[in-house]
Amino acid sequence: MSNQALNLLGNMPAERFFRDYKQKEPLLIRKAWEDFKSSIAGNDLAGLSLEDEVEFRLVLGPNHVVEFGPF
């Protein structure tokens, strides 16, 4: 596995990610992508969240309550 892939997981080994988290448990990795540049402007993203054709999910709070859009 490349060093770049490890950096994407916050230096967590991929095996641990797949074993413990993937589709099992929410996981927050702060600064998961260093120097990330979004390809979509905030206003455009907000506009998309209002569209019925676009699927959005918002995960809230320590209990990870999920709300589904449009918002």
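Assorted remarks:
- Aspartates and glutamates with Cα under 16 Å of LYS24, excluding same-chain neighbours fewer than 8 positions away: GLU15
- Neighbour count of at most 16 Cβ within 10 Å plus DSSP loop: longest trypsin sites (Lys or Arg not before Pro)-free window in the chain: 38-71
- Value of [θ]222 nm, deg cm²/dmol, for the chain, DSSP H segments ≥ 4, -39500 (n - 2.57) each, nearest 500: -7000 deg cm²/dmol
No value in this document is a laboratory result; all are computed from the given coordinates. Everything numeric here is computed off the predicted structure, so don't read it as measured data. Glycine also receives a Cβ, built like all others from the backbone with ideal geometry; neighbour counts cover every protein chain displayed.
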